[in-house]
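Worksheet: the structure to be examined is printed underneath.
What follows draws every value from the coordinates through simple rules; no lab data is involved. What you see is a predicted model, and the numbers here were worked out from it, not measured in a lab. Cβ sites come from the backbone with ideal geometry, for glycine too, and all protein chains shown count toward neighbours.
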Amino acid sequence: MSKYLINKFLYTIDRDPELVERYRADPAGTVSWWEAEVAGRILNCPDPERSTWPELTDAERQALRAHDYVALLELGAHNFLVLTLFIALFERDYTEPLAFQREFAARLSHWTLPYPDIAT
Amino acid sequence: MATVAAVIASTHHPFYYRASTSRGADRPPFADEWVAKIESFRETLTRARPDILVMVGSDHFHQLWLDNMPQFLIGKAPFYDANFYNEEREFGLPRLLLRGHEELSAHLLRAGLDTGFDLAFSNELRVDHSITCPIITLRPEADLPIVPVYTNIFAPPLPRPARFVQLGQAIRAMIEAWPSDRRVAVIGTGHLSLELGGPRQFGPHGPDPEFDRKAVEWIATGDIAGALAEVSLDSLWAPGNATHGFMDFLLMMGVAGAGVRADYTDSLDLFHTMEAYFTWYPAGTDTP
């Protein structure tokens, strides 16, 4: 499990307006680029001092490439990171206020407590 | 010694700024009532005549990240820039610049280390809406120096609820031991029942009105023992998956003191979550 790395993807995309648009327009390409360039970057270290080991699992990579927020949450991604980024990606496609957020909730209606573990 | 002029505990609703400043068709139907309640709440801080604000909140994965996550952190900087791009994007929040109060920050860090709280510190901290929401609601002039106190209610493993109470009690004692004639208000924001990124999010009211009713009673009456008897890290998932923010209310109950009834209590049932507002005057108030 590399929940941490899914969260790192969501976090580094969400804080950069250009990357939000790039991930919306080209999810598969953005994930491939991110795995090559960003996955190993320690955010407070110079670029040469990279981590050598972080790697998404196939299921995680597929969920990110498919914009599949239900799958990401069920893999243990942090609920706040998923919600915030996906509002930025898709709320604009809905005309009614909060319509995306309510559809998001409805797609999780099969969940019962306890929810997937988000501890990293 | 310094005076704790007011203790204020509040929810922080990032949509307040947009709701309160929108006009015409964009203005939601609940905005006028919400603004009236906030203006009344704001007066409870104004009448305390504070010189410094100690602001308790929680970073929402903005500056603090999982590669280096503190449980409790105090800012010690001359200034704090505030709010982030994704808060402008989602909530329309403005960028702010707040002054710091390094002397009180240094005192809290030293006294904390000497009394059992190994507090992390930051000399360059950009604060987020957990601190700017109460600035906007309670002190929109943003004219007083602040000391930010960040808690981890967000990235497990979290400190347990009793630890939040203990930190609140320690903050109260440390401020009252600070050799200064300043009047300090301690303001902390958290949540009642709340769901984010789950099936109960954005409903017509908070996900667990019964928890909210009990929580408001615990806070208003200072019932720390009652709250701690029912609340645990495990139990807080049940009212909603973001309800661990209630632990910042527990911290503020620790600041206010066990069994001390709030001097001011108000609430507002909104879509998505219940708003709740509490003020204590530990040193009394000299205005009616």
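Figures for the structure shown
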| read-out | value |
| --- | --- |
| Calculated [θ] (222 nm, deg cm²/dmol) that DSSP helices of n ≥ 4 give over chain A, each run adding -39,500 (n - 2.57) | -16000 deg cm²/dmol |
| Chain B - Debye-derived log10 I(q)/I(0), Cα point model, q = 0.13, 0.16 Å⁻¹ | -0.83, -1.35 |
| Dipole of the stretch A:3-106, positive end: most advanced residue of A:Phe90, A:Val20, A:Ala77 [Cβ charges, Cα centre] | A:Ala77 |
| Rounded, prolate or oblate (a/c below 1.5 giving rounded, otherwise prolate when a/b exceeds b/c) for chain A by Cα gyration tensor | oblate |
| Amide H contacts under 5 Å for B:Tyr264, placed H, 5+ residues apart | B:Thr279 |
| Dipole of the protein assembly as shown, positive end: most advanced residue of A:Thr52, B:Ser105, B:His129 [Cβ charges, Cα centre] | B:Ser105 |
| HN-Hα J in Hz across the stretch B:121-136 - Karplus 6.51, -1.76, 1.60, θ = phi - 60°, x for Gly and Pro | 9, 9, 9, 8, 10, 9, 8, 10, 5, 5, 9, 6, 4, x, 5, 5 |
| Spin-label model distance (nm) - A:Gln62 vs B:Trp237, 7 Å beyond Cα toward Cβ | 2.5 nm |
| Spacing of the two label points (7 Å from each Cα toward its C-beta) at A:Ser51 and B:Arg160, in nm | 3.0 nm |
| For the protein assembly as shown, radius of gyration divided by Kirkwood radius, i.e. Rg to Rh on alpha-carbons | 0.96 |
| Given charges at beta-carbon only (K, R positive; D, E negative), |dipole| of the stretch A:5-120 in Debye | 120 debye |
| Computed FRET value (nearest 0.05) for B:Thr221 with A:Val70, which takes r as the C-beta separation and R₀ as 35 Å | 0.25 |
| Charged-residue dipole, Cβ positions (Lys, Arg, Asp, Glu), the stretch B:3-280 about Cα centre, Debye nearest 20 | 320 debye |
| Charge dipole (the protein assembly as shown, unit charges on Cβ, about Cα centre) - positive-most of B:Tyr264, A:Pro116, A:Asn7 | B:Tyr264 |
| Nearest 10 degrees, 0 to 90: helix A:27-37 Cα axis against chain A principal axis | 30 degrees |
| Three-way shape call for the stretch B:202-288 based on the alpha-carbon gyration tensor, with the a/c threshold at 1.5 | oblate |
| Within the stretch B:164-288: Cβ-based charge dipole about Cα centre, in debye rounded to nearest 20 (Lys, Arg +1; Asp, Glu -1) | 260 debye |
| FRET efficiency, B:Glu141 to B:Ala173 (Cβ-Cβ, R0 25 Å, nearest 0.05) | 0.25 |
| Tensor-based shape of the stretch B:147-226 (alpha-carbon gyration tensor, a/c under 1.5 rounded, otherwise prolate or oblate) | prolate |
| Radius ratio Rg over Rh of the stretch B:97-178, counting only Cα atoms, Kirkwood formula for Rh | 0.96 |
| In order through the stretch A:111-120: 3J(HN,Hα) via Karplus (6.51 cos²θ - 1.76 cosθ + 1.60), integer Hz, x for Gly, Pro | 6, 10, 6, x, 6, x, 6, 9, 4, 10 |
| Whichever lysines have a C-alpha closer than 27 Å to that of B:Lys37, once near sequence neighbours (fewer than 8 apart) are set aside | B:Lys214 |
| Label-point separation, A:Trp33 to B:His205 (7 Å along Cα→Cβ), nm | 4.7 nm |
